[in-house]
Amino acid sequence: MKILLLGKTGQVGFELHRTLSPLGPITAPGREQLDLTNEQAVTNYLAQTQPNLIVNAAAYTAVDAAEENQQTAQRLNASLPKQLAEYAKANSARLVHFSSDYVYPGTGSEAWQETSPTGPLSVYGQTKLEGDEAIEQSGADHLIFRTSWVYSARGNNFMKTMLRLAKSKSELNIVADQIGAPTPARLIAQVTTLAIHSQLKTGVYHLAPRGETSWHGFAQEIFSQARQAGEQLSIGPENAHAIPTSDYPTPAKRPLNSRMALNKLEDALSIRLPDWQSQLELTLGEYLEN
Ligand SMILES: NC(=O)c1ccc[n+]([C@@H]2O[C@H](COP(=O)([O-])OP(=O)(O)OC[C@H]3O[C@@H](n4cnc5c(N)ncnc54)[C@H](OP(=O)(O)O)[C@@H]3O)[C@@H](O)[C@H]2O)c1
């Protein structure tokens, strides 16, 4: 299997570079070798390397900035996956792609199924949805994993921001009415690798840990676990205050309900996804060791 991995410097791509390595030789161009905004360069690269598995972890993930930079978000999140899917269809290759809870409208309190109606609230969500739809319509063999609230020991993410703020501030206000599941990049990479190896059937799957929390609940667990691990923090669960989304305006609107049902993926792979708290312990432990 000749694997092309895109986005190797990102949170998920970094982990995939490691977990995919037993499956075959990996070509993983960075931005300096292949600018993914350049459609012709991508066409040439695919023709040269002729992969039979493309794993696309590249994306435009700056949710607020996407409201301004619509063209770049559209290219990376929608037209790039379409281009990769067209290559996959024409060359009998498989495309593995990542999408987001932000494709759903965020209403209600039930968990979304993969078949639930979509209704993105932001440019980021809209462009991610366009990418998913283009892949599905291409007829290419594909796996699309919709995940949520990605974090890792590397990169910019909520866990690292909270730990930094907890060393410099004495009070914090954190949104408590957006509900979802924080997902470590490593878990995404591990399950993706298992899915590829198991030849998981083409389709869209939710991929996140079990359980649910708010950003406020996630922050409290970060502070509590970090203190247990011996970190000196000026903020603990007691001075992290819960606020509604309406008190924290952002350029892009976020869904309140990001719960995603996991049974399709669990049943197909015969696995049980771990809970988000134990996953935080592993990721936090890795971060604090470095
Ligand atoms: N982050 C989240 O909370 C979240 C939530 C749900 C779903 N997802 C989805 O999960 C997937 C992985 O997300 P992530 O958090 O790992 O993303 P990330 O850390 O932001 O990484 C994005 C990757 O894309 C690359 N990239 C962006 N523009 C490029 C360009 N013009 N040319 C070449 N490479 C380019 C980046 O390269 P550079 O390092 O050079 O910039 C980086 O390797 C994405 O599909 C995302 O939509 C993420």
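The values are calculated or read from the model by the stated rules, or taken from the named source; none is laboratory data. Note that this is a predicted model, so its numbers are computed, not measured. A quick note on method: Cβ atoms are made from the backbone with ideal geometry, for glycine too, and the neighbour counts reach across all protein chains shown. To get the accessible areas, we keep the full protein, side chains included, count just its heavy atoms, and leave off ligands, DNA and RNA. Shrake-Rupley method; radii C 1.70, N 1.55, O 1.52, S 1.80 Å.
What to note about this one:
- Test result for SER122, surrounded by 24 or more Cβ atoms within 10 Å (Cβ to Cβ) and within 28 Å of PRO249 (Cα to Cα): no
- Within the stretch 31-56, restricting attention to residues that are part of a strand (DSSP E or B) and more than 10 Å from the ligand (Cβ to nearest atom), the residue that is surrounded by the fewest Cβ atoms within 10 Å (Cβ to Cβ) is LEU53.
- Among residues of the stretch 69-118 being open to solvent by 70 Å² or more (accessible area, probe 1.4 Å) and under 19 Å from GLN199 (Cα atoms), the one that is farthest from the ligand (Cβ to nearest atom) is SER92.
- Within the stretch 6-30, being closer than 19 Å to ALA78 by Cβ and in a loop (DSSP other than H, G, I, E, B) holds for GLY7, GLY10.
- LEU143 meets the conditions (1) open to solvent by less than 10 Å² (accessible area, probe 1.4 Å); (2) over 15 Å from the mean Cα position of the chain (by Cα) in every case but one. The failed one is (2).
- Scope the stretch 87-136; condition touching a Gly at 6+ places or on another chain (Cβ under 7 Å), in a loop (DSSP other than H, G, I, E, B) and closer than 22 Å to LEU265 by Cβ; matching residues: TYR104, PRO105
- In the stretch 192-237, of all residues being out of contact with any Gly (no Cβ under 8 Å at 6 or more places or on another chain) and among the charged types (D, E, K, R), the one that is nearest to LEU282 (Cα to Cα) corresponds to GLU221.
- Any hit, the stretch 128-139, residues being touching a Pro at 6+ places or on another chain (Cβ under 9 Å), of a type in the set (Gly, Ala, Ser) and over 17 Å from ILE54 (Cβ atoms): no
- Among the candidates ALA134, ALA111, the residue that is at pLDDT 95 or above, within 21 Å of GLU212 (Cα to Cα), more than 17 Å from the chain's Cα centre (by Cα) and not polar (S, T, N, Q) is uniquely ALA111.
- Leading residue by the ranking (farthest from the ligand (Cβ to nearest atom)) among those in the stretch 57-68 that are under 20 Å from the mean Cα position of the chain (by Cα) and surrounded by fewer than 19 Cβ atoms within 10 Å (Cβ to Cβ): GLU67
- Of the residues ALA229, ALA185, the single one that is closer than 21 Å to ARG154 by Cβ and open to solvent by 20 Å² or more (accessible area, probe 1.4 Å) is ALA229.
- The stretch 6-25 residues that are on the phi > 0 side of the Ramachandran plot, paired with ones that are open to solvent by less than 60 Å² (accessible area, probe 1.4 Å) and near the ligand (Cβ under 8 Å from one of its atoms) (beta carbon under 9 Å, 6 or more apart): GLY7/GLY13; GLY7/PHE14; GLY7/LEU36; GLY7/ASN56; GLY7/ALA57; GLY7/ALA58; GLY7/ALA59; GLY7/PHE98
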